[in-house]
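Below you'll find the structure, written out as structure tokens, and then a few comments.
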Amino acid sequence: MKFKKVDLSEINLQEQTFRYTLKPVDERLLFSVQQAGIVEPVVVKKEGKDYIPVTGFRRLEAAGKLGLSQVPVIELEEKTSRLEAFLTAFFDNFGWRVFSLAEKSLAVKKFLEFGMEKAEIIRKVLVWLELPPNGRTLEILSQLAEEESLLPIIHEKNWKLSTAERLLEFNQEERSQLVNLVSGLSLNRQAEIIEGFCILKKRWGKALAEILKETEFQEILAQKNLDKVQAGEKLAEKLREKTSSLVTRLLKQIDREIMELNLSPPLTVDYDRTLEDRHLTLKLKLSSVEELKNIIRELSSQERESHWQRIFALLRTLEE
Amino acid sequence: MEKITIEKIFIDKKLEEDRLVRKIVDRLPGRPVVLVDSGAQVEDEIRLSPDPIGQGKRVIYLTENRSFLRPCPCTPGCLSCGYWNIDLDQNCPLDCSYCILQAYLKGQPLTLSVNRLDLEKEVKRFLSQKRKNTIRIGTGELTDSLALDWLTENSLFLVDLFKGAERCLLEFKTKTAAVENLLKIKPEANVVLAWSLNPEKVIAREEKGTASLLARLEAAKKAVNHGYRVGFHFDPIIHYEGWKEDYAEVVELIFKMVPAEAIFWVSLGTLRFPPNLPEAARFRFKESKLYEQEFIRSWDGKYRYPRPRRQKIYQEMIDIFCDYSLGEKIYLCMESPSVYEETLIKKIRGRYLTTFPFFWLR
């Protein structure tokens, strides 16, 4: 390896052969390069008459934006294979940051392209990437790497493998539709919505487009006054209702009865929202015997009895 | 014998000359045989497959087990039925979409333990302990008890080992019709042959490689005619539109083919699974809608049908069995004491059973 300074024009900045990272150049990096130049040399490889970047894509992009004429480089020896060069690129980042799932899928794609055996990728690379080291994971990552339009959102929210796997259960058109629906939402909300539609698609045997035509979903999507996050919340809520209809229906009924009890604030009624435990929990905040007496009177008043009866009946209900 | 594909045999190096190993290898002619230092080497090969779980079911690893007997762990917060497991083989050649082993054993091969002398010593020690109540013990926790019996003849060995054991019932739990070996020998009073049952449409969709419902019940009939007592496990019961009618038909079929007196126990358990099972199973069973049903995450972290549904299922099933006067032979598997109390205990002619669950075994 040789250290030298080369003209930026000698480096083919369009060449992305060794790039698998998706982090964009940010203000911080631009400021740093502006102040001190490129402190850590980028690694390049000579192919033909050009140098092609192996590491430091962001630094080179910043240098270009800032109009730097020369940059420090470390040139790999000519005999360095593409796989060896990519290992350099991989470990250049490995030590200082965790890759997103999207980057992991791109890295695996590159290892395959540069001739690493599948078995070696499973045994070594997947372990480095802290993913389940088996053939199934390799299959999912390879599929993901081909889905260029999905990679930005997977990267941005740092999706889990299981969420990406669920998304891959939809066809290409549906994936774009879904990504469009969930972009801008939190990771958990994205995962919840994808999971919800996945369940409905399989349960109903319908395409996503057909599911979205359901009036209740249409109503949410048509509401112009909702921002992305609010619409996402409503969508998730509707999906919960649809996928857990039995529990949701009972919870709604119990909540309504509790509300109609119209109890005073120091008293709260709680219950297990999975409906496993069939008890009610009453919490009181009292400061005198008088208050206690009042609360007991309030709780046992005639007009509340039917609500209590219905609540207990609902908690013990069996499916029709 | 069911349709089971064995592609390759791995043998623990130090067991190369073992007589049982030789016997098993001879029964699988034409398969490549590889000697290995440890199971890790076998798993390392299996995991390269795009379907490591499926691949694990096609590879046999002959090895030793350090210990065989353990009480069934049940699950926290559930009423345990006091079962004991014999971990003779691990992993199952049958392929059920709901099988917990997919998450539990992941890509483990069909691991067959051949150190029978150690098993014999452990069982004898276990049987020599004095106990007040009868216990049940079986091999069906980490595999199907009989799916590989044509290969291992485990049933013959175990029946002989448990012969005359007091206060101990040995159960072979299966989804096959592979009772040939057990029909060759004299039935022992403490041996129970049990079948896991589901309606035929569930079997066809969710239980790949298993025997049909009719074949299972034909096998049960043969076993009863030979002098064995039998058990039936409705576990997992799957909820779907029309489930009740389908399960009622299964029960009706049982009583058409098997006399009620020969039935020793019936267990009921609804579908439940740990959170990591769906991701292991979904892609392997693309047609299955099992994991797309309504579940709640319950007290032990497992997913279960919501209680109003579960309890309804139990109630209906118990009613069906009570019609055949078999209510007293029923127990629930992995259920909370509260569900147990509200369904089973009340149901059995108002008798409150304090000796859960097998008062008739005292």
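The values are calculated or read from the model by the stated rules, or taken from the named source; none is laboratory data. Predicted model only: the values in this text are computed from it and were never measured. So basically every Cβ, Gly included, is an ideal-geometry build from the backbone, and we count neighbours across all protein chains shown. Remember, those area values only see protein heavy atoms, side chains included, never the ligands or the DNA or RNA. Shrake-Rupley method; radii C 1.70, N 1.55, O 1.52, S 1.80 Å.
Below, the figures for the structure above:
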quantity	calculated
Extreme residue, surrounded by the fewest Cβ atoms within 10 Å (Cβ to Cβ), among residues of the range B:70-93 that are in contact (Cβ under 8 Å) with a residue 60 or more places away in the chain and closer than 19 Å to B:Asp144 by Cβ	B:Cys72
Candidate set from the range A:239-248 (those that are out of contact with any Gly (no Cβ under 8 Å at 6 or more places or on another chain), in a helix (DSSP H, G or I) and facing chain B (nearest Cβ under 10 Å)); member that is most open to solvent (accessible area, probe 1.4 Å)	A:Ser245
Condition met for A:Arg256 (away from every other protein chain (no Cβ under 14 Å), in a helix (DSSP H, G or I), under 12 Å from A:Ile311 (Cβ atoms) and among the basic types (Lys, Arg))	yes
Leading residue by the ranking (least open to solvent (accessible area, probe 1.4 Å)) among those in the range B:94-108 that are within 14 Å of another protein chain (Cβ to nearest Cβ) and assigned to a loop (DSSP other than H, G, I, E, B)	B:Ser97
Some residue of the range B:246-265 being surrounded by fewer than 21 Cβ atoms within 10 Å (Cβ to Cβ) and touching a Ser or Thr at 6+ places or on another chain (Cβ under 8 Å)	yes
Every residue from the range B:173-204 that is polar (S, T, N, Q) and either within 24 Å of B:Phe285 (Cα to Cα) or open to solvent by 50 Å² or more (accessible area, probe 1.4 Å) (or both)	B:Thr174, B:Thr176, B:Ser196, B:Asn198
Any hit, the range B:39-46, residues being free of Cβ contacts under 8 Å to residues at least 24 places away in the same chain, surrounded by fewer than 16 Cβ atoms within 10 Å (Cβ to Cβ) and either at positive phi or of a type in the set (Asp, Glu) (or both)	no
Residue check for B:Arg272: within 9 Å of chain A (Cβ to nearest Cβ) and either buried (at least 20 other Cβ atoms within 10 Å of the Cβ) or acidic (Asp, Glu) (or both)	no
Conditions (1) loosely packed, with under 11 Cβ neighbours inside 10 Å; (2) of a type outside the set (Phe, Trp, Tyr); (3) over 30 Å from the mean Cα position of the chain (by Cα); number of the one not met by A:Ile74	(1)
Test: residue in the range B:169-183 that is part of a helix (DSSP H, G or I), touching an Asp or Glu at 6+ places or on another chain (Cβ under 8 Å) and either under 30 Å from B:Asp51 (Cα atoms) or of a type in the set (Gly, Ala, Ser) (or both)	no
Single match in A:Glu303, A:Glu320, A:Glu216 (criterion: within 24 Å of B:Lys289 (Cα to Cα), away from chain B (no Cβ under 14 Å), surrounded by fewer than 17 Cβ atoms within 10 Å (Cβ to Cβ) and more than 25 Å from the chain's Cα centre (by Cα))	A:Glu216
Residue match in the range B:249-261 (condition: within 16 Å of the chain's Cα centre (by Cα) and part of a helix (DSSP H, G or I))	no
Residue in the range A:223-230 that is more than 14 Å from chain B (Cβ to nearest Cβ), at pLDDT below 95 and surrounded by 15 or more Cβ atoms within 10 Å (Cβ to Cβ) present	yes
Cβ-Cβ under 9 Å pairs, at least 6 apart or on other chains, the range A:261-276 side more than 14 Å from chain B (Cβ to nearest Cβ), far side part of a strand (DSSP E or B) and of a type in the set (Ser, Thr, Tyr)	A:Thr268/A:Thr281; A:Val269/A:Thr281; A:Asp270/A:Thr281
Residue match in the range A:173-190 (condition: without any contact (Cβ under 8 Å) to a residue 60 or more places away in the chain and at the interface with chain B (Cβ under 10 Å from one of its Cβ atoms))	no
Selection status of B:Ala220, open to solvent by 10 Å² or more (accessible area, probe 1.4 Å), of a type outside the set (Asp, Glu) and under 29 Å from B:Glu245 (Cβ atoms)	no
Residue in the range B:147-172 that is least open to solvent (accessible area, probe 1.4 Å), counting only those that are more than 24 Å from B:Arg131 (Cα to Cα) and charged (D, E, K, R)	B:Asp149
